[in-house]
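Beneath this line is the structure, given in structure tokens, with notes to follow.
The values are calculated or read from the model by the stated rules, or taken from the named source; none is laboratory data. Model, not experiment: these values are computed from the prediction. As a convention, Cβ positions derive from the backbone with ideal geometry for all residues, glycine included, and neighbour counts pool all protein chains shown.
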Amino acid sequence: MPTQTQQSNEVTNFDPIGNSGSGGNWAPLPDKTRFRMYVKTCKLTDPPPQPGQKHYLRVSYAYEIVPEDAEKVLAKLQPRLEDGQEQSIMAYTSANYTMGTPEKPSRLRQAAHNTGGFLVKADLEKWLAAGGRFDPRWVVGFRCRGVIEHTPKTTGDGVWVNVTPQPVDEFEKGNRDLFRAELAKSDAKLFQQLFAGGDEAGGDDEDLAF
């Protein structure tokens with residue numbers, strides 16, 4: 001998996017989110033449960049346009065239970081499985097590739113905020129205000145608390161397994177380190193202008209998320 005100091009920048013086309021088409025008989029994570037998770041992959045897809053709607057590129061993140069918890073989760077859930085089933089430890093979220101504004105953030109912008117935490121949010125807003133671009137792959141490797149939500153499929157059986165990310169204090173510093181590394185690679189000059197002074201998110205006092 002990507003660590004807190006190294007991340008994958010995989011981008012591929014893929015089918016819609018959910019357990020269908022992934023091979024095998026997978027049991028979804030229980031609805032209305034929460035797990036410590038990390039963003040395993042970011043995938044981009046160009047969905048067919050819907051009548052009367054604008055056509056946007058879609059960004060989808062796959063979240064997986066962090067390795068230190070996955071073994072415990074599997075041990076607890078596997079006794080409930082039917083014959084031939086495997087237990088999934090994945091969930092997904094997706095959004096249009098749009099950013100919105102600070103006052104009306106897009107779903108993608110909010111996902112980056114909520115997955116990364118306060119420190120990432122502060123850096124991202126500072127970066128965007130200075131004209132920096134945002135690459136959704138920079139969220140890969142972030143850790144958070146994931147709230148699992150099931151949405152019934154409109155056709156066929158089963159559910160979409162969605163995750164709503166929530167920040168966790170203990171992960172914020174590691175998430176920011178990942179984010180900073182990507183910002184520096186993306187635009188070294190802008191990064192130096194914004195963060196070289198060491199007051200990245202208002203100083204050490206603001207690292208305390210009260």
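Okay, here's what the table says:
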item: Within region 128-154, tally of residues that are touching a residue at least 24 places away in the same chain (Cβ under 8 Å) and assigned to a loop (DSSP other than H, G, I, E, B); result: 10
item: Selection count, region 155-188, where residues are among the hydroxyl-bearing types (Ser, Thr, Tyr) and in a helix (DSSP H, G or I); result: 1
item: Counted residues, region 32-72 - those being buried (at least 17 other Cβ atoms within 10 Å of the Cβ) and either over 20 Å from the mean Cα position of the chain (by Cα) or among the acidic types (Asp, Glu) (or both); result: 1
item: Tally, over region 92-111, of residues that are in contact with a Leu (Cβ under 6 Å, 6 or more places away or on another chain) and crowded, with 18+ Cβ neighbours inside 10 Å; result: 1
item: So Lys72, is it of a type in the set (Lys, Arg) and either at pLDDT 95 or above or in contact with a helix residue (DSSP H, G or I) (Cβ under 9 Å, 6 or more places away or on another chain) (or both); result: yes
item: Single residue of region 74-116 satisfying the filter (in a loop (DSSP other than H, G, I, E, B) and in contact with a Phe, Trp or Tyr (Cβ under 7 Å, 6 or more places away or on another chain)) that is nearest to Glu172 (Cα to Cα); result: Met99
item: Candidate set from region 35-47 (those that are farther than 12 Å from Glu64 by Cα and of a type outside the set (A, V, I, L, M, F, W, C)); member that is modelled with the lowest pLDDT; result: Pro47
